[in-house]
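Everything below concerns the one structure shown next.
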Amino acid sequence: MTKKIKYLLMLLLGANFSMMAQFGFSHEVGAFVGGVAFQSDFGVRHDFETNAGNTGFGIGLVHYMNFAYRAECNCYTPETYFNDHFKVRSELSYNSTQLQHFGKWVDRNSPTAAKLRAMKGEAKVTDIGMQLEYFPLSIREFTATNGAWAPFLGLGAHYTFFQNGTYSELGGIGNTFTTPVKYLDAWSDEGGSTWSVVASVGTRYKLTELSDLFAEVRWQYYFSDWVDGLNPNPEVWTENKANDWNLWFHVGYIYYLD
């Protein structure tokens, strides 16, 4: 997995340098931290206890290409709509969530409920990718005004590396003594990789001339149902037909490279 991350980083850097050779822009770097609500085959869909219980944390590093300003000449770029309203963001992030079953099927007094209560898991996810961010208000005006706000929308794609650790407190998982029938052949602790799509809404706050604070809510959908370590047959267990996804809320700091 480490080699794959290095390779993707080289591709991203290569793409950035290629754009640098053709277009003038400035750089921004930053970091963020926050919480993650993981929606998976652990628990019951649309259940508050599941949504509140299967939560974790996320951290990340970001790099932005700001097309409104050219760092090499300390000047603005030609004023176009794209330059004044869009930025390209590259990101390396990590999130981890401890998972378990919640909801009405766990609360019962039955052998199946006992097996569900004993099932645990952890989704450890590393992301690398890019997204395009749209700022409805002028980026130039925001950059020049301390105390200003700059709402934004974002859409992009990430390549995701995941590691899951499904187990049972009753003993070895994958047999009828510890595992409900639904998950007998539908669990994994090996991990893997997949693509994901991200969509976000947030805002920046101009802290100083060369720094911003930002807050963001982000939805991330994985093109795999194995991220959490469970994948029951969707044709039989239709309540688990959706792939895994999560919802982030994080805050961060951004510094403009002069």
Scanning segment 183-216 for residues that are open to solvent by less than 60 Å² (accessible area, probe 1.4 Å) and among the hydrophobic types (A, V, I, L, M, F, W, C), the one nearest to Gln98 (Cα to Cα) turns out to be Ala186
Are any residues in segment 169-181 open to solvent by less than 40 Å² (accessible area, probe 1.4 Å) and either on the phi > 0 side of the Ramachandran plot or assigned to a helix (DSSP H, G or I) (or both), and if so, which ones?
-> Gly171, Gly174
Say whether the condition of being of a type in the set (Val, Ile, Thr) and outside any strand (DSSP E or B) is met by at least one residue in segment 158-168.
-> yes
Being in a loop (DSSP other than H, G, I, E, B), modelled with pLDDT under 95 and open to solvent by 30 Å² or more (accessible area, probe 1.4 Å) is the filter here, so list the residues in segment 105-136 that pass it.
-> Trp105, Asp107, Arg108, Asn109, Ser110
So which residues in segment 149-190 are more than 16 Å from the chain's Cα centre (by Cα) and either closer than 30 Å to Tyr64 by Cβ or modelled with pLDDT of 95 or more (or both)?
-> Trp149, Ala150, Pro151, Phe152
Looking at (1) open to solvent by less than 30 Å² (accessible area, probe 1.4 Å); (2) modelled with pLDDT under 80; (3) of a type outside the set (A, V, I, L, M), can you tell me which one Phe67 breaks?
-> (2)
Does any residue of segment 102-111 turn out to be among the small types (Gly, Ala, Ser), free of Cβ contacts under 8 Å to residues at least 12 places away in the same chain and more than 18 Å from Ser26 (Cβ to Cβ)?
-> yes
Among the listed residues Thr145, Thr50, which satisfies the condition of being open to solvent by less than 20 Å² (accessible area, probe 1.4 Å) and either closer than 23 Å to Gly174 by Cβ or modelled with pLDDT under 95 (or both)?
-> Thr50
Residue ID - farthest from Gly53 (Cα to Cα), chosen from residues in segment 222-258 that are hydroxyl-bearing (Ser, Thr, Tyr) and open to solvent by 10 Å² or more (accessible area, probe 1.4 Å) | Tyr256
So, of the residues in segment 77-104 that are open to solvent by less than 20 Å² (accessible area, probe 1.4 Å) and among the acidic types (Asp, Glu), which turns out to be modelled with the lowest pLDDT?
-> Asp84
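The values are calculated or read from the model by the stated rules, or taken from the named source; none is laboratory data. Keep in mind that this is a model prediction, so the values were computed, not measured. Note: ideal-geometry Cβ built from the backbone for every residue, glycine included; neighbour counts use all protein chains shown. Ligands, DNA and RNA are stripped out before the accessible areas are found, and what is left, the full protein with its side chains, is counted by its heavy atoms. Shrake-Rupley method; radii C 1.70, N 1.55, O 1.52, S 1.80 Å.
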